[in-house]
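The values are calculated or read from the model by the stated rules, or taken from the named source; none is laboratory data. This structure is a prediction, so every number in the text was calculated from the model and none was measured. Here the Cβ is made from the backbone with ideal geometry for all residues, glycine too, and neighbour counts use every protein chain on show. Protein only, heavy atoms only, side chains kept; ligands, DNA and RNA dropped before computing areas. Shrake-Rupley method; radii C 1.70, N 1.55, O 1.52, S 1.80 Å.
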Amino acid sequence: LFLYADPACAVLRGLLGTHQAVANAATRDAWLRVLQEGRFPFEQERRLAAAAAFEQSTLQLDAAPRAILLPRCRDPDDQKFLELARDAGAVALVTRDHELLRLARRTRRAAGFAVLTPE
């Protein structure tokens, strides 16, 4: 959404005008760490612009954990995104992460939010 300007994310970008994207300290730190790791073939200027767009578009939320048990993600680094969606009372977690998408059905039943791709 913030780095690639993928046309498949155009609808999602448009929804930011009527829906609130959220992050917390853990998910924000994960985003910034991955952005700077060098896995992406972009110049530093583009990375900085993506980080700024993220900051501008997301509400920093540090809510207390809600008493809803979540399915466990195989990748422990991804669990924080499920927890954020649960604690924010989100309607959806939008991701392309395969491990999170595998949990979509169980997450819907357990916590009541969708795990969806941007498409």
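Apolar share of the accessible surface for region 18-57: 54 percent from carbon plus sulfur atoms, 1.4 Å probe.
Return the calculated 222 nm mean residue ellipticity for the chain, to the nearest 500 deg cm²/dmol, obtained by summing -39500 (n - 2.57) across DSSP H runs with n ≥ 4 and dividing by the residue count.
On the way: 6 runs with 58 residues, N = 119.
Result for the chain, helices only: -14000 deg cm²/dmol.
Can you give the charge dipole size of region 13-119 about its Cα centre, rounded to the nearest 20 debye, using +1 on the beta carbon of Lys and Arg and -1 on the beta carbon of Asp and Glu?
Working: 17 positive and 14 negative charges, 107 e Å.
With Lys and Arg at +1 and Asp and Glu at -1, about 520 debye.
Dipole of the chain computed with +1 at Lys/Arg Cβ and -1 at Asp/Glu Cβ about the Cα centre; of 32, 65, 104, farthest Cα towards the positive end is 104. Database remark: amide H of residue 116 closer than 5 angstrom to the amide H of 93, 94, 95 (H placed geometrically; neighbours at sequence offset of 5 or more, or on other chains; Pro and chain starts carry no H). Relative to the longest principal axis of the Cα atoms of the chain, helix 76-88 runs at roughly 70 degrees.
Rounded to the nearest 10 degrees, the angle from helix 25-36 to the longest Cα principal axis of the chain is 40 degrees. Could you run the Debye sum over the Cα atoms of the chain, one equal point scatterer each and no solvent, and tell me log10 of I(q)/I(0) at q = 0.10, 0.19 Å⁻¹, two decimals? Log10 I(q)/I(0), no solvent term: -0.30, -1.14.
Whole number please: convex hull volume per residue of the Cα set in region 32-101, in Å³?
Values: hull volume 7.8 nm³, N = 70.
Spelled out: Cα convex hull of region 32-101, divided by residues, is 112 Å³.
Using a 10 angstrom cutoff on alpha carbons, build the Gaussian network for the chain and name the most mobile of 13, 74, 106. Most flexible of the set in this elastic network: 74. Across the alpha-carbon atoms of region 1-68, the computed radius of gyration and Dmax are 13.4, 42 angstrom.
Ignoring ligands, DNA and RNA, what accessible area per residue does the chain give at 1.4 Å, in Å²? Write out the running numbers ahead of the final one.
On the way: 7520 Å² over 119 residues.
Accessible area per residue, the chain: 63 Å².
Per-residue Karplus couplings for region 53-68, computed as 6.51 cos²θ - 1.76 cosθ + 1.60 with θ equal to phi - 60°, are listed in order as 5, 4, 4, 6, 9, 10, 8, 7, 10, 10, 7, 5, x, 8, 7, 10 Hz, Gly and Pro entered as x.
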